[in-house]
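One structure, as C-alpha cells, below. Some questions next.
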2 protein chains.
Amino acid sequence: MKTDPDFIPSGGVTSPGGFTAGATSAGVKNKDKRRPDLGILLSEAPCAAAAVFTTNKVKAAPVLLDMARLKKGTARAVVMNSGCANACTGAKGTADAIEMAELAARHAGVKPEDMLVASTGVIGMMLPMDRIRAAMPRIKLTADGGHDLARAIMTTDTVPKEAAVKGDGFIIGGMLKGSGMIHPDMATLLCFLTTDAPVDISFLQRALRRAVDVSFNMLSIDGDGSTNDMALILASGAAGGKTIAQGTPRAPAFQRALNKLCIYLAREAARDGEGATKLIEVKVSGAKSQQDARLAAREVVGSALVKAAVHGSDPNWGRVLAAAGRSGAAVAAEKMELYLGDNRVVKNGSPVEFDKQKVVKYLDGKEVLIALDLHLGRGAATAWGCDLSEEYVKINAEYTT
Amino acid sequence: MKTDPDFIPSGGVTSPGGFTAGATSAGVKNKDKRRPDLGILLSEAPCAAAAVFTTNKVKAAPVLLDMARLKKGTARAVVMNSGCANACTGAKGTADAIEMAELAARHAGVKPEDMLVASTGVIGMMLPMDRIRAAMPRIKLTADGGHDLARAIMTTDTVPKEAAVKGDGFIIGGMLKGSGMIHPDMATLLCFLTTDAPVDISFLQRALRRAVDVSFNMLSIDGDGSTNDMALILASGAAGGKTIAQGTPRAPAFQRALNKLCIYLAREAARDGEGATKLIEVKVSGAKSQQDARLAAREVVGSALVKAAVHGSDPNWGRVLAAAGRSGAAVAAEKMELYLGDNRVVKNGSPVEFDKQKVVKYLDGKEVLIALDLHLGRGAATAWGCDLSEEYVKINAEYTT
C-alpha cells in the first residue's frame, strides 16, 4: 500500500507543516527498564481538534479529561505515555492526568487547557508522577520527532506504525499503537493524526468519524475494547488555502486522504496484533445492507476459531460460514459463496472441490483474504484482523507480572 | 458438586427408568481411526419432548429436521454422531439426516418421525453414509448404555460429561458434549436430558428454557456459536405419579432438579473447554438488573484477556473492570468492588493493597472465582468459562487437517 504515490516516504505525525514532537524514557512501567515511554506532540499554531473515544463505560482519567477539553473544538498539543493506562485510578488518577497535562503545557509553552493527555498500558496502576515530573523537561520537540513519539506509545506493539499522505494542497500524518484489547465500535487503540490543512471543526469531527468507521471500527484483534481508546486529529491550517468544510471543493479529497491513511494504519495494527503472524482481510459482499456486510465481516474476522484455523493454514471454511450465520446479518445458508484468496471453496452454501494443497499453501502466506459473497443484495464491507497464535496467549498470560 | 446427595453416583441419561442407549464405532471422521462415534438414545415409552436450538442462522441439517419433528411435542429416540456436523451440506445433507434417522428408527423399532438426529464435528463435510449404514446394526441398546453414548458424542472433549439427579419421585439424567465453538445465547453445545417424570409438554419446554438460561446460556468457551447446538429433553413418565405442569405441586422441584443438573453439566463443560486448565466462575452482584448482571458476567468470562490472565495466574484485574465496562450493563467505575477468590483487589473502582503472592497462588488453583459487585442494585448472575491456553490455539489450528 505504501507504493501508493500519495504516501510520503517515512511519513508520520510531523510530516505536515508546523508540527513538532519528541519523546524520552521516564521508566513509567519499570524504573529500571528504560525505553521511550513519554512524549509530546505539538502544533505551532492553534488547531481545530476532533476525536472519537472508547464507548467503554469504564473510561480512563485522560479520556474523561480530553472529552471535557475538546468541547471547545480546539487544542494545540498532546502529552502521551505508555506503560500505565491511568484507568480505574479514582480521584488520584484524575489529578495525575491534570498534572501531567500541566507539566507538559509548561514545557511546551502552551496553555494547560490546550494540552490533551493520552495513556496506554496496565489498567489499575497509578502513574509514577515523580518519574514523569523528572522526565518531562528532557523531551526535545523537533520537526522530525514524530518517529520517536511513535515508538514511545508502543506497548506490546513490535513495530511503530506511522504514515503520511499527500492531499490536495495539504498533508495528513498519523501514528497508532495497537496490539491488544482491540475490537470494533470502540474507536479502538490510540491514534493521533495531524494535518496542515485548514479544516472547519464540525467537518473535521464528521470526517474523522467517517474515516474511523471504515478503518479502526472494522478492526478486531481480540474482541476486548479498552478503557483508553481514542483517535484524535489536529488540523493546524499551516498549509494555507481556503477552509475545508462540508460541501467545499476540497472536502472529498480530504476525506479520501484521511480514509486512506486510517485504513493503512488499521491494516498495520492488524498485522502487528499481539502474537500475529498473518494479516487477515475479510471482504463481505452481496449483503442485504451495508450494515449487514459490516456485521458479518467483523464477526468473521473476530472469530477465535477462524483466527486459529488461519494460524494453522487449515482451510476449515465451515467456521467462516458459522461466524457469518451468528453475526446478526441476514444470510441464506444455501446462497453463500466463499473464496480463500482466489480459491473458491463454497458455492450455494455447499462445499465445492478444491485443490487442498494449493489452498493450504495460500493460507501459509503473510496476508490472507477471506471473501464471502452472501448473494442477497449490494452491501459490502471489509474488516481486518490477525491470526490467533500461541504467542498471543503467552503475551497476555504474563502482562503485568 | 457431586457430593450433593441429590446426585446419583455414576448417573447419566439411562439412570431414569425406561431409557436405553448404546454406541458403536462407525469411523465417521476417519475410517481407519476407530472410536465410538455413532449411538442411539431410546425411550421404551412415548415421551414429551422439548428442545432449545442454536440461534445461528446457518443451521445444520439435523437441527432443521429436529425443529420440524418436534413441533408435535413428542419423540422417542435420538440418533447421534460425532466427527461430522452435517452442516453446510445442502440438499444432500438433508437427505442424509433423514436417512440416518430412518436407519436408526428401523434398528430401534420406532417410527421414523419419533427419531431425532444430532451431529457434531467438522462443518462442511458430508456424512459417510456407507459407513453409517454398515455400523447402525452394531449398536446394542442397554439399560446402562448411557456411558458409552456419552463417549460417542465427544469431539475435542477430553472426558465424557454426564450426571443424574433425584427429584421428588423422579430422576433426571443428562449428558453433554462441549469443548469449542461455545458461547451464550445460542443454546450452545449438544446436551441430551432424560427423565422418567410425567411432564406436560408446554411446561417441559418452559422449564428447559429456564434451565438453559441459568446454565448453558451463561457458559462461554470461545465466543463462537455453533451451527449444531441443541439441548433436548425427553420425559417418559415411566416413574408414574401426577403429571407435572405449570402450577402443580411438583413443578418447582422439577425445575430445581433440572437447573441443578444443567448447571453441573455447564460447569463440567467449562472445565473441559478446549485447552482449558482452569474453570473460571464469574459472579456479578449489585447490578441494576438481572439482565445487566448476566451481560456483565458473560462479558467478563468471555474476555480473551481475562482468560489469558487467569491462565498465567496474573492478577491483572483491570481487564475484568474493562470487560464489565463494555458489556452494555450499567456500571459506575467508582463503585465497583472486585474479589479474586477471597482477596479483595478493588474497592470504589480503585486498587486496594493486596498480598500479590497469595493472589497468584489462588489463581494457580483449578477453579478461579471472580466476584464483581457493581453496587448499583440487586441484580445477580453467574457465568462459567475457562482459561485461554496455548493448547486451545494448537487444537484449533489443526482441527480438520
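The values are calculated or read from the model by the stated rules, or taken from the named source; none is laboratory data. Here the structure is a predicted model, which is why all the values come from computation and not from measurement. Note that each Cβ is placed from the backbone with ideal geometry, even for glycine, and that neighbours are counted across all protein chains shown. For the accessible areas, the whole protein counts, side chains as well, though only heavy atoms, and no ligand, DNA or RNA atoms are used. Shrake-Rupley method; radii C 1.70, N 1.55, O 1.52, S 1.80 Å.
What is the spread of the Cα atoms of the protein assembly as shown along each of their three principal axes, largest first, in whole Å?
87, 56, 43
In peptide A:89-96, what is the residue-averaged number of other protein chain Cβ atoms found within 10 Å of each Cβ?
Across the residues of A:89-96, the mean count of other-chain Cβ atoms within 10 Å is 2.
With chain A rotated onto chain B, spot the residue of A whose Cβ lies nearest the axis and note the distance in whole Å.
Spelled out, residue of A and its Cβ distance from the axis onto B: A:GLU390, 2.
Note the distances from B:ASP32 to each other copy's matching label point, with points 7 Å along the Cα-to-beta-carbon direction, in nm, sorted shortest first.
Relative to the other copies, B:ASP32 has label-point distances of 5.6 nm.
Still on this structure, please answer the following. Based on the alpha carbon coordinates of segment B:43-96, what radius of gyration and maximum Cα-Cα distance (Dmax) apply, in Å?
12.2, 34
What gaps in nm, shortest first, separate B:ALA134 from its twins in the other copies when you place the label 7 Å past Cα toward the beta carbon?
7.6
While we're here: Above 40 Å lies some portion of the pair distances; for chain A, what is it as a whole percent of all C-alpha pairs?
Within chain A, distances greater than 40 Å cover 17 percent of Cα pairs.
Roll a 1.4 angstrom probe over the protein heavy atoms and tell me the percent of accessible area of segment A:10-157 that is carbon or sulfur.
Looking at segment A:10-157 in its full context, I get 54 percent from C and S.
Considering only DSSP beta bridges where both residues belong to the protein assembly as shown, give the percentage that are antiparallel (nearest 5).
Of all bridge pairs located within the protein assembly as shown, approximately 70 percent are antiparallel.
Just the number please: accessible area per residue for the protein assembly as shown, 1.4 Å probe, all protein chains included, in Å².
Value for the protein assembly as shown: 35 Å² per residue.
Using Cα positions and a limit of under 13 Å, work out the aspartates and glutamates in reach of B:LYS31, with same-chain residues fewer than 8 apart set aside.
B:ASP130
Kirkwood hydrodynamic radius of segment A:92-251 from all distinct Cα pairs, in Å?
17.3
A further question follows. How are the alpha carbon pair distances in segment B:264-375 distributed across 10 Å bins from zero to the largest one, expressed in percent?
So the P(r) values, bin by bin, are 15, 49, 31, 4.
Quick one: if you take sqrt(5λ) for each eigenvalue of the C-alpha gyration tensor of segment B:2-160, what semi-axes come out, biggest first, whole angstrom?
Those come to 23, 19, 16 Å.
Now a separate question. Return the residues of segment B:312-333 for which accessible area with all protein chains present is lower than in the chain on its own by 20 Å² or more; set the probe to 1.4 Å and exclude ligands, DNA and RNA.
Hits at the 20 Å² cut-off: B:GLY312, B:ASP314, B:ASN316, B:TRP317, B:GLY318, B:ARG319, B:LEU321, B:ALA322, B:GLY325, B:ARG326, B:VAL331, B:ALA333.
If you plug each phi of segment A:250-259 into the Karplus form 6.51 cos²θ - 1.76 cosθ + 1.60 with θ = phi - 60°, what whole-Hz ³J(HN,Hα) values come out, in order, with x for Gly and Pro?
Along segment A:250-259, the couplings run 8, 4, x, 5, 5, 4, 4, 5, 5, 4 Hz.
Chain pair B, A: how much accessible area is buried, both chains summed, with a 1.4 Å probe, in Å² to 100?
Summing both chains' loss of accessible area gives about 4200 Å².
Across segment A:251-326, how large is the tail of the calculated P(r) beyond 19 Å, expressed as a percent of all Cα pairs?
47
Here's something else I'd like to know. Search the structure for amide H atoms under 5 Å from the amide H of A:ALA75, placed 1.01 Å from N in the peptide plane, and list their residues when 5 or more places away or on another chain.
Hits under the 5 Å cutoff: A:CYS47, A:ALA49.
One decimal, nm, shortest first: give the distances between the label point of A:GLU353 and those of the same position in the other copies, each label point 7 Å from Cα along Cα→Cβ.
7.4
Continuing with this model, one more query. Taking springs between alpha-carbon atoms closer than 10 angstrom, which of A:ASN228, A:ASN30, A:ASN217 fluctuates most in the Gaussian network model of chain A?
A:ASN30
When all C-alpha to C-alpha distances in segment A:343-401 are sorted into bins of 10 Å, what percent of pairs does each bin hold, rounded to whole numbers?
15, 34, 30, 15, 6
Segment B:359-401: which residues show an accessible-area loss of 30 Å² or more, assembly versus chain alone, 1.4 Å probe?
Hits at the 30 Å² cut-off: B:LEU388, B:GLU390, B:TYR392, B:VAL393, B:ASN396, B:ALA397, B:THR400, B:THR401.
Which of A:GLY325, A:GLY273, A:GLY241 moves most in a GNM of chain A, Cα contacts under 10 Å?
A:GLY241
Between their Cα atoms, which of A:LYS72/A:LYS288; A:LYS394/B:LYS29; A:LYS59/A:LYS177; A:LYS307/A:LYS335; A:LYS278/A:LYS347; A:LYS335/B:LYS111 are more than 29 Å away from each other?
In this structure, A:LYS72/A:LYS288; A:LYS394/B:LYS29; A:LYS335/B:LYS111 exceed 29 Å between Cα atoms.
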